[in-house]
Amino acid sequence: MIENIKGKLIKKTPTTAIVEVGGISLSIAISVSTFDRLPDQDKEVSLKTYLNVREDALELYGFNSIVERGLFLLLIGISGIGPKMGINILSGTTAEEFKNRIISGDVEALTTLPGIGPKTAKRIIVELKEKFVESDLTDIPGGTGGVPSEFEDAMAALTSLGFKRNEAFRTLSDMKRKGEFKGELEDIIKTAISRR
């Protein structure tokens, strides 16, 4: 997985950052909150990243912080929310505001975010409320307390073995909670498969 990208910011819009790394220009999808924190054009920028692999495309998503990327990973772990929708949701709120809306079960406030209707809002609350009540944002996979590259590698391995993305996410998150997310990547994958 591509964990981080550091290079010269060639161009920026509220939805995209073009970053030149070693003579190659990468187009990276970003949220509005990440856009607000980007440096001026032609300055050096560093973004946490997530690479979404599809049959017909490779899509790179960039984040100003590990916390924002962690929240993005939680969102796309929910059935029906893909990376594009995840980045749109993050564009309408901050990580802390979003967390507070989830904990308070505020369906109405969530429906003001782009792409979220009442049904999706309720599903997000059901899936994420417990995670947010139990921990702060730095404990989520991809947060400063997590091991993002290992977690993402395990996610990628499981999805390539036929797991649905949200199923892989739930299994690995549960393993982390129970202290079973340990050893080499191969051991983690074997444990996850045995729990299926």
Counted residues, the stretch 3-14 - those being buried (at least 16 other Cβ atoms within 10 Å of the Cβ) and either of a type in the set (S, T, N, Q) or touching a residue at least 40 places away in the same chain (Cβ under 8 Å) (or both): 1
Condition met for Phe72 (aromatic (Phe, Trp, Tyr), at pLDDT below 90 and either in a strand (DSSP E or B) or within 20 Å of Ala121 (Cα to Cα) (or both)): no
Checklist (1) exposed (fewer than 15 other Cβ atoms within 10 Å of the Cβ); (2) of a type in the set (A, V, I, L, M); (3) free of Cβ contacts under 8 Å to residues at least 60 places away in the same chain applied to Leu38, failing item: (1)
Complete set of residues in the stretch 185-196 that are more than 15 Å from Ala156 (Cα to Cα) and out of contact with any helix residue (DSSP H, G or I) (no Cβ under 8 Å at 6 or more places or on another chain): Ser194
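Just checking, which of Asp106, Asp139 is at pLDDT below 85 and of a type in the set (Asp, Glu)?
Asp139 is the lone residue from the list that is at pLDDT below 85 and of a type in the set (Asp, Glu).
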Residues being over 18 Å from Ile2 (Cβ atoms), in contact with a strand residue (DSSP E or B) (Cβ under 8 Å, 6 or more places away or on another chain) and acidic (Asp, Glu) - total across the stretch 41-92: 1
Meets criteria (over 28 Å from Ser31 (Cα atoms) and modelled with pLDDT of 85 or more) for Asp174: no
Condition met for Asn52 (touching a Ser or Thr at 6+ places or on another chain (Cβ under 8 Å), surrounded by 15 or more Cβ atoms within 10 Å (Cβ to Cβ) and not acidic (Asp, Glu)): no
Any hit, the stretch 55-67, residues being assigned to a helix (DSSP H, G or I) and within 15 Å of Glu152 (Cβ to Cβ): yes
Single residue of the stretch 75-134 satisfying the filter (hydroxyl-bearing (Ser, Thr, Tyr) and not in a loop (DSSP other than H, G, I, E, B)) that is farthest from Pro14 (Cα to Cα): Thr120
Test: residue in the stretch 41-48 that is surrounded by 18 or more Cβ atoms within 10 Å (Cβ to Cβ), under 18 Å from the mean Cα position of the chain (by Cα) and not assigned by TED's automatic domain parsing to the domain that holds Glu130: yes
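The values are calculated or read from the model by the stated rules, or taken from the named source; none is laboratory data. From a predicted model like this one, the values you see are computed outputs, not experimental measurements. So basically every Cβ, Gly included, is an ideal-geometry build from the backbone, and we count neighbours across all protein chains shown.
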